[in-house]
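Asks: Submitted below is the structure of interest, expressed as structure tokens.
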Amino acid sequence: MVRDVHKETPDTPGVEMALPANVLSRSKVVLDYLYHDMEPEEKIIFESLTGYNGHPVLGARGLSGKLNMSESQVRRKRDKLVGKLKVLLENYR
């Protein structure tokens, strides 16, 4: 049976299609959980890196203007966030 997960859990970001309730991937659930635990600046970087929640994918140049910091600062913060996410996702496999 296919149910519209988005209607059942409207506060779950990124769920945009009807999926069987038990088929949400573990990685997706973990990413949603991690997203809600991020600082506002990390959320912006994550959204721009992955297109999460339908946000446009931006590079360091686009993000530097949005976050009012240099491209190298954006890259460092992005790399730190990616490293953190890799470790956390590996622990949930």
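Asks: Considering only helices (runs of 4 or more DSSP H) fully contained in the range 38-93, which possess at least 1 residues that are closer than 18 Å to ARG26 by Cα and among the hydroxyl-bearing types (Ser, Thr, Tyr)?
Replies: Helices (runs of 4 or more DSSP H) meeting the threshold: 40-50.
Asks: Something else now. Give the residues of the range 45-69 that are β-branched (Val, Ile, Thr) and open to solvent by 50 Å² or more (accessible area, probe 1.4 Å), sorted by residue number.
Replies: THR50, VAL57
Asks: Moving to a separate point now. SER72 passes all but one of (1) surrounded by 13 or more Cβ atoms within 10 Å (Cβ to Cβ); (2) more than 15 Å from the chain's Cα centre (by Cα); (3) not basic (Lys, Arg); which number fails?
Replies: (1)
Asks: Now, a different point. Report yes if SER64 is among the hydroxyl-bearing types (Ser, Thr, Tyr) and at pLDDT below 85, otherwise no.
Replies: So SER64 does not fit the description; no.
The values are calculated or read from the model by the stated rules, or taken from the named source; none is laboratory data. Keep in mind the model is a prediction, meaning the values are calculated, not measured. We place every Cβ from the backbone using ideal geometry, glycine too, and count neighbours over all the protein chains shown. Note: areas computed on protein heavy atoms with side chains; ligands, DNA, RNA excluded. Shrake-Rupley method; radii C 1.70, N 1.55, O 1.52, S 1.80 Å.
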